[in-house]
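Peer 1: Please find one structure pasted underneath; my questions will follow.
The values are calculated or read from the model by the stated rules, or taken from the named source; none is laboratory data. The model shown is predicted, which means the values in this text are computed figures rather than measured ones. Cβ: placed from backbone, ideal geometry, glycine included. Neighbour counts: every protein chain shown. Ligands, DNA and RNA are stripped out before the accessible areas are found, and what is left, the full protein with its side chains, is counted by its heavy atoms. Shrake-Rupley method; radii C 1.70, N 1.55, O 1.52, S 1.80 Å.
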Amino acid sequence: MEALALIPAGRGGTEGEPWAKKQNVNYKGPYGYQKLKEREPRASIRFKCALTNTILDVLRQRPGWTEVKDEGEWDFYWCDVRWLQENFDHTYMDEHVRISHFRNHYELTRKNYIVKNLKRFRKQLERESGKLEAVKCDFFPKTFEMPSEYHLFVEEFRKNPGITWIMKPVARSQGRGIFLFRKLKDVIDWRKDGGRLDDQKDEIPVENYVAQRYIENPYLIGGRKFDLRVYVLVMSYIPLKAWLYRDGFARFSNTRFTLNTIDDNYVHLTNVAVQKTAPDYDPEKGCKWMIQKFRLFLTAKHGAEAVEILFSEMDNIFIKSLQSVQKVIISDKHCFELYGYDILIDQDLKPWLLEVNASPSLTASSQEDYELKTSLLEDTLNIVDMEGRLMGKEKRVGGFDLIWNDGPVSREDGNLDTPMTGFVANTHLGYNNDRKKQLKQLFKSFQSQHKV
């Protein structure tokens, strides 16, 4: 029996302005409670978008897609998390309808929840598969939820006097509310103030923070600290189906790294939102490297084998973190999610997971950044496949490679630079992204099969 698509209107977003010129769009009339057809190849797709940045450009430029506003009936909604919280539980969606978040994505993306889920998953792995398997989850710095684990934190703090800790609000982004400390007095003062900051705007209680051991030996390039932003697309949690994008970038701080001062956010926080407020920030130059450039740099300095191990350990972070929430996230067939993973590399070439973002910034900071995010979003829509063009057996779509499909996915052809025997994972992070050529071949094959 078909469901009626009684879908409330979403709320408009405020993040950034489009780079490309806005095109004329046709608007649908008022919502009419009409029944929608079953999922099948569709010539016309009605979309809504809660953001006003690159994703809106991409949606408006997609052939056969038409924007609807207000109470218009839609097939696809790139919603914000606030709309999700307010409307998901009483929104009835037809078979083909898709939205851009899972209902309780915060199990992975809120800092205190991901710690809880990773700890639980690690214990499960140790119980079921032994310690060797459990240590594969040791990619998250030691973390305590505040204030509930304050006494456990104090116990750990006193074991290692003098080391640096970092305090982060559990549900904020872009570096807001973060500070470093080495003295317990700083945390005691923070507790007395209730953890309040002048710009505190979250609806969750203001005292919910995590205290995390600060990585004091980050890998430096040109004396500067950086982290990596990598994109993972999850189409389903049960079974787990995840895609890894070939492109990403390293985000550098604007100031040389030192532990002599822990109060300077321009030294310790690599978020673009923080760095672009630095007095000497150059918007043309920016603070980003494409991940291909980063991989070439590391290979020249450390050799292909060491870099292959590093990137393999990053793959492990993506899979283990998703597995840690697989049983708690509601895997609704209408949902997909594009996550932004933030990874820090230390001097031993060990990757650390800093956090996972459910709403990674889609606002471009440069022309190169705009092109990356446009391609990323176009390929996300290609995999969501509202048009019904894919066969379901693809291992690659544009810049995305399927890395997990209810189990590891093997690479059909080994990497010529680093010959490996046995199983080779289907990951190509930091390699050449010839997405246009691949998409042309993919859809040419689709068209010929469709004619048959």
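Peer 1: Considering only protein heavy atoms, what per residue accessible area in square angstrom results for the stretch 45-105 with a 1.4 angstrom probe?
Peer 2: Value for the stretch 45-105: 30 Å² per residue.
Peer 1: Kindly state, to the nearest 0.05, the FRET efficiency for K444 paired with D189, given R0 = 51 Å and r defined as their beta-carbon distance.
Peer 2: Step by step, r from the Cβ atoms, then E = 0.20.
Peer 1: Return the subset of K131/K393; K333/K444; K241/K373 for which the Cα-Cα distance in this structure is over 24 Å, preserving the input order. Walk me through the intermediate numbers first.
Peer 2: Details: K131/K393 35 Å; K333/K444 28 Å; K241/K373 22 Å.
Where the Cα-Cα span goes over 24 Å, the pairs concerned are K131/K393; K333/K444.
Peer 1: Over 29 Å between Cα atoms, which of K136/K168; K350/K437; K136/K440; K119/K350; K119/K395; K111/K301 qualify?
Peer 2: Over 29 Å Cα-Cα: K350/K437; K136/K440; K119/K395; K111/K301.
Peer 1: Kirkwood Rh, the stretch 45-105, all Cα pairs: how many Å?
Peer 2: Computed over the stretch 45-105, the radius equals 12.2 Å.
Peer 1: If I take R0 = 30 Å and measure r between the Cβ atoms of T261 and A300 in this structure, what FRET efficiency does the formula 1/(1 + (r/R0)^6) give, to the nearest 0.05?
Peer 2: E between T261 and A300, to the nearest 0.05, is 0.40.
Peer 1: Rounded to the nearest 0.05, what FRET efficiency do E368 and E128 give with R0 = 56 Å and r taken as the Cβ-Cβ distance? Could you check?
Peer 2: Result of the calculation: an efficiency of 0.80.
Peer 1: Run the numbers on the stretch 45-105 and let me know its relative contact order in percent, using alpha-carbon pairs under 8 Å that are six or more apart. Each step should come with its number before you reach the end.
Peer 2: Details: 68 pairs, mean separation 22.4, N = 61.
Relative CO of the stretch 45-105 lands at 37 percent.
Peer 1: Sticking with this structure for a sec: Under a point spin-label approximation (7 Å from Cα along Cα-to-Cβ), what is the K333-N160 distance to one decimal in nm?
Peer 2: It is 4.7 nm.
Peer 1: Probe radius 1.4 Å, ligands and nucleic acids ignored: give me the carbon and sulfur share of the accessible area of the stretch 45-105 as a rounded percent.
Peer 2: The nonpolar share, carbon plus sulfur, comes to 44 percent.
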